[in-house]
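**Student:** Have a look at the structure that comes next, please.
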Amino acid sequence: MSRFRCEEVLIDMHVPPGWGPPPDRHDFEELASPADQFNERTIAAFRASHGRVGDTFDGAPLLLLHTVGARSGQPRINPVTYLADGSRYLVFASKAGSDRNPDWYWNLRANPDATIEVGDETIAVRATELTGAERDEKYRAQSGRYPGFAGHQQVTSRTIPVIALTRRESPAPGAGGTDRRMLRALVRVMACRRAMPVALGHGPRVPRSGGTS
C-alpha cells in the first residue's frame, strides 16, 4: 500500500461524534473538490455553533446526515436542510435542481439505517422515502417556507425525493453494537499504518508477485 493510498484512507474517514477528532486535514484541503471542502467547513461550523450555521442555507434548519457509501462502504457525512414533521425529520434530495440525485440519497436507499446530528444531539434513524400525495404535500410545505426548493423542482425533470428520518433504537454501549462502518474504517487505518514504513522505504522490501494493487 503506497503512502498516497494510506493518506487517502485517513482523510476519507469521517469520524462520527464520540470517536475522537478526525485525522489531520492538511492533505485533504489540497486534494478535495470545492464541494467537499464546503461540506467540511459547514460540518465544523455546525459543531462549533451547536447546529446554528448562519445564513448559508437561507435560515433553514440544518442537520448532519451520517450514511454509509453505497459503493465504497465508507462512512459519509452531509449537511442537509430538513423540515420537522412531528417526530420525523424530512430531508429533500434536491441537489440544487440537478438532474441527478445526491449520493446520500443512494446511500440511504442501500442502507436506510443512518444517524443524524441535530443541534448537540445524535440520533439513530431509519430512512423511508415518501411517495404520492404525501410526498407532494411535504415538498409543497418546504417550498412554501423556502422558495428555493420550488425553483429546484422547476429546473429538473426528475421528481425530487423526500425522505422521512424516523428515530430507531440504537445499540446500548458495550452491548455488541459497535458501528460496523467504523470498525471497517479503523481496520483499514491500522493496516495502512502497518504498511506505511514499508511503503516509505523504512522496512524490509517485499518482492512483488506481479500485477498492480
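Values quoted throughout were computed directly from the atomic coordinates according to the rules given, and no laboratory measurement underlies them. None of these values were measured; they are calculated from a predicted model. Backbone-built Cβ (ideal geometry, glycine too); neighbour counts: all protein chains shown.
**Student:** Test of understanding: what is the full-extension gain from residue 87 to residue 47, defined as 0.36 nm times their sequence separation minus their Cα-Cα distance? Could the numbers behind the result be given before it?
**Tutor:** Working: separation 40, 0.36 × 40 = 14.40 nm, distance 2.23 nm.
Using 0.36 nm per residue and subtracting the Cα-Cα distance, I get 12.2 nm.
**Student:** Take the alpha carbon gyration tensor of the stretch 33-170, find the square roots of its eigenvalues, order them as a ≥ b ≥ c, and report rounded if a/c is under 1.5; if not, report prolate when a/b exceeds b/c, else oblate.
**Tutor:** rounded
**Student:** Shifting gears a bit: Which value in nm describes the separation of the simple spin-label points at residue 33 and residue 131, placed 7 Å from the Cα toward the beta carbon?
**Tutor:** 3.0
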